[in-house]
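First up is the structure itself, then whatever we jot down about it.
Values quoted throughout were computed directly from the atomic coordinates according to the rules given, and no laboratory measurement underlies them. Here the structure is a predicted model, which means the values were calculated and not measured. Because the Cβ atoms are built from the backbone with ideal geometry, glycine has one as well, and the counts that use them run over all protein chains shown.
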Amino acid sequence: SYYDVFPDTTEEFKKIHEYCLKGSYISFEGEKILSSTGKVQWFNYKINSWKNEKGKVGGLIIVREDISNRRNEEEYRLKAQEIANIGGWEVNLVSNEVYWTSITKEIHGLDDSYVPTLESGINFYKEGYHREKIVLLISDAIGKGIPWDVELIIVTSTGIEKWVRAIGKVEYINGKAVKLTGTFQDVDTKKRAELAHFETQKRLNIATKTANIGVWDYDLFKQELSCDNATLLLYESKKENTNNLYKSWKNRL
């Protein structure tokens, strides 16, 4: 019998068989079982009853698909995302249902009971450029199939501005956009450090130009000198003739 071939069949699954023997059909994904050898396996099922010439149910047609490799890869990916504090999200464009992982909710300053919508998710982005940008990216994804990977500012439920990295793509079925999926990551510390460095560098460049300060660099290994235009002016040299510049610099030491 079926149960001799698949001795790992659970009691719950046997009840599903009994239900289908009454003439019903059922399909479900992701049943997780522990085999007799201790191996974790995932299966998709499609179960349908068949009828004999008299119209009575004669048995079941059971299609069992092993999706263990795919599901294990998904679990590994999710674990890696948790370690990196990366959240996930999904928007069903047909039913308008929205799903956020617990990490995505946490980044927004929300608890697990929060039920998001596409509109509320967009409204978390800072008003102005950042909100307009994400609306444009979503529109281009749905209309043109263009994925996105962008860093923008959101305002959390507690009013804190935070830089996040949002990645998204669209899924099509028969030429119709049916789903948006992606990841969400808190990059606030990294982004603010980058912006601070950029601002410091910008101010330094302004200061050196204003004070007529030259910046130079000499490679001891290659014996090559590189410098900016201010240094060239100070030593009355041309950029293509750095040898004379080096000699002039050395003579003035």
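A few comments on the model shown:
- Cut-off 15 Å between beta-carbons: net charge of the residues surrounding Val135, Lys and Arg +1, Asp and Glu -1: 0
- Put simply, the amide H of Ile67, placed in the peptide plane, has neighbours under 5 Å in Trp42, Phe43, Asn44, leaving out anything fewer than 5 places away on its chain.
- Estimated vicinal HN-Hα couplings, Hz - segment 192-203 in sequence order (Karplus 6.51, -1.76, 1.60; Gly, Pro = x): 5, 5, 4, 5, 5, 5, 4, 5, 5, 5, 5, 5
- Neighbours of Glu199, meaning other residues whose beta-carbon lies under 14 angstrom from its beta-carbon, give a summed charge of +3 when Lys and Arg score +1 and Asp and Glu score -1.
- As computed over segment 131-187, the Cα convex hull volume per residue (Å³): 73
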